[in-house]
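Engineer: Sending over a structure as C-alpha cells; questions will come in a sec.
Only the coordinates and a few stated rules stand behind these numbers; no lab work does. What you see is a predicted model, and the numbers here were worked out from it, not measured in a lab. Neighbour counts run over all protein chains shown; Cβ positions are idealised from the backbone, glycine included.
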Amino acid sequence: MTIQQDTNIIPGAPGSTVDPAEVAKFSKLSQEWWDPKGKMAPLHRINPLRLAYIRDAACRKFSRNAKSLSCLSGLRILDIGCGAGLLCEPLSRLGAQVIGIDPSPSNIAAARLHADRGHLSIDYRCTTVEEIDARERFDVVLAMEVVEHVVDVGLFLKRCAAMLKPGGLMVVSTINRNWKSFALAIVGAEYVLRWLPRGTHQWDKFVTPDELAKHLLDSRLVVTEETGVVYSPFADKWSLSTDVDVNYMVIAEEMV
C-alpha cells in the first residue's frame, strides 16, 4: 500500500521548535521506516538497545519487574518525533499506553498503517509537543534522536519537561558535537558506509552532554544517568558504553 506524500507539513511558527526542512527530509523516508534492510536499517539495529534502556529505566523508577511481559502496564508514555513508530510498537506490547507524535503526516500515516496490521492500539497524532494540550501529562517522555533536529533545543526541552507528571521520567538520546562525531556520525555513516542518506545530520546541530544537561537543568530536570552507545565493527553490534563521544542517552528526573 502506498503512503501519500505530505501536502500539509506543519510549518515553523512563532514559539515552535519545528524545522520544516527537517520534517520534509524524514517525510521522504515514510515508506521505508519499517524496512529493516532499507535506509532506516541502522535504527532497526539500534532499536532493541534503546528499548531495553527505556524499559529498564522505567521499571527502576516505577518499581516494576523488567522481566515481565507487561512491565510497563499502566504507564503513559509520550514518544516525541516517533516517525513511523519503531519504539511505540514494542513499548505498547510491554503494556504501556503510548502516544506517538510527529509533525509529518506521512510518517503518522505509516505508523497507523503498521500498527493496524499488528492489531496494536497506539494513539498516533500528527502534531508537535508545543501543540499538545498543556493539561496532558505523562509518566515517561521520550525524545530519541530528536534534539539535533529542532530549531531551539532549550525551548524544546522546556516544553517536554512541562509534559511530565510529578515524579516522571524523561529519556533523551542524541549525538555529541566534536571531531569524532563528525568523522563517524557524518563522514563515516553518511558518506563512507552509507548507513544513512547524505544530509541526515548537521554537525553544528549536535548537542554536547554538558549543553544537554544545562538545558534540562533550566527546565528543572537533573540528569541522573548518562551512557554512551557504541558500534563494534568486529562484533557487528551496538552496545552501551561509558564512551559518550558520539551517540549517547541520558535519563532526567525532577530536581528534589
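Engineer: Using r as the Cβ-Cβ distance of ALA24 and ALA162, and R0 as 41 Å, what FRET efficiency do you calculate, to the nearest 0.05?
Structural biologist: So the FRET efficiency works out to roughly 0.90.
Engineer: Taking amide H positions as placed in the peptide plane 1.01 Å from N, state which residues far from GLU225 in sequence (5 or more) or on other chains have amide H under 5 Å from it.
Structural biologist: Placed amide hydrogens put ILE251 under 5 Å from GLU225.
Engineer: Which lysines does LYS61 reach when only Cα atoms under 26 Å apart count, and residues fewer than 8 places away in its own chain are ignored?
Structural biologist: Those lysines meeting the cut-off are LYS158, LYS165, LYS214.
Engineer: Ok, one more. For LYS180, which lysines qualify as cross-link partners when the Cα separation must be under 18 Å and same-chain residues fewer than eight apart are set aside?
Structural biologist: In chain and number order, the partners are LYS205.
Engineer: Still on this model: Return the long-range amide H neighbours of CYS82 (sequence gap of 5 or more, or a different chain), with a cut-off of under 5 Å between placed amide H atoms.
Structural biologist: ILE101, ASP102
Engineer: Most fluctuating residue of ARG117, ARG93, ARG64 in a GNM of the chain with Cα springs under 10 Å: which is it?
Structural biologist: ARG117
Engineer: Run the simple label-point estimate for HIS44 and ASP243 please: 7 Å along Cα→C-beta, distance reported in nm.
Structural biologist: Calculated label separation equals 2.6 nm.
Engineer: Now for a separate question. Between PHE62 and SER232, what is the spin-label point distance in nm, taking each point 7 Å from the Cα along the Cα→C-beta axis?
Structural biologist: 3.2 nm
Engineer: Which far-off residues, 5 or more places away or on another chain, put their amide H under 5 Å from the one on ASN247, with H placed in the peptide plane?
Structural biologist: The answer is ASN176, VAL229.
Engineer: While we're here: Select from SER92, SER68, SER27 the residue whose mean-square fluctuation is largest in a Gaussian network model of the chain (Cα-Cα springs shorter than 10 Å).
Structural biologist: Judging by the Gaussian network model, the answer is SER68.
Engineer: Sticking with this structure for a sec: Please work out how much length the chain gains when fully extended from ALA52 to ASP218, using 0.36 nm per residue of separation minus the C-alpha to C-alpha distance, in nm with one decimal.
Structural biologist: 57.0 nm
Engineer: If you don't mind, another one. If the chain between GLU136 and ASP116 were fully stretched, how many nm would it gain, using 0.36 nm times the residue separation less the Cα-Cα distance?
Structural biologist: Separation in residues times 0.36 nm, less the Cα-Cα distance, equals 4.7 nm.
Engineer: So, one more: List the lysines whose alpha-carbon lies under 21 Å from that of LYS39, not counting same-chain residues fewer than 8 positions away?
Structural biologist: In chain and number order, the partners are LYS25, LYS28, LYS237.
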